[in-house]
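Worksheet: the structure to be examined is printed underneath.
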Amino acid sequence: MNMIVAFIKPHRLDDVVFALHQIEGLTGVSTSTIDGFGRDRTRSPSVGETEVALETSPHARLEIVCRHELAASVVETIENAAHTGLRGDGKIYVLPVEDARRISSGERGKNAV
């Protein structure tokens, strides 16, 4: 199993979620609205300036746990649906998941995803 965590532009969220709905066997997606910053800083410090800029911008965060066989398709789908061609389109991370448990039934592993 894999966990996919993606950070995308908020205005692309509906398109990404719609595209993910088309993946057969994908059991769910969690989304949240967050604030943060990436490489693209809005201002540069002046010479000798020690102040740190605290500006952040809104992002959408997606979390998906899926069977390993679906991970590549999920990543490609997010990448294609979130792409605008502009800097700051987002990031996608894929992590291994050791175990899962469905609270309602006690199912474990792949059956719990």
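The values are calculated or read from the model by the stated rules, or taken from the named source; none is laboratory data. Here the structure is a predicted model, which is why all the values come from computation and not from measurement. Backbone-built Cβ (ideal geometry, glycine too); neighbour counts: all protein chains shown.
Structure values in brief
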{"item": "Condition broken by Ser105, with the remaining ones in (1) surrounded by 14 or more Cβ atoms within 10 Å (Cβ to Cβ); (2) part of a loop (DSSP other than H, G, I, E, B) satisfied", "result": "(1)"}
{"item": "Of all residues in the range 1-29 being touching a helix residue (DSSP H, G or I) at 6+ places or on another chain (Cβ under 8 Å) and in a helix (DSSP H, G or I), the one that is surrounded by the most Cβ atoms within 10 Å (Cβ to Cβ)", "result": "Val16"}
{"item": "Test: residue in the range 30-47 that is closer than 21 Å to Met1 by Cβ, at pLDDT 95 or above and touching a helix residue (DSSP H, G or I) at 6+ places or on another chain (Cβ under 7 Å)", "result": "yes"}
{"item": "Top-ranked residue of the range 69-102 - restricted to ones that are among the β-branched types (Val, Ile, Thr) and in a strand (DSSP E or B), ranked as nearest to Ile34 (Cα to Cα)", "result": "Ile92"}
{"item": "The range 54-113, residues that are closer than 10 Å to Asn2 by Cβ, small (Gly, Ala, Ser) and touching a strand residue (DSSP E or B) at 6+ places or on another chain (Cβ under 7 Å)", "result": "Ala71"}
{"item": "Unmet criterion (only one of (1) surrounded by 14 or more Cβ atoms within 10 Å (Cβ to Cβ); (2) modelled with pLDDT under 95; (3) farther than 15 Å from Arg12 by Cα) for Val74", "result": "(2)"}
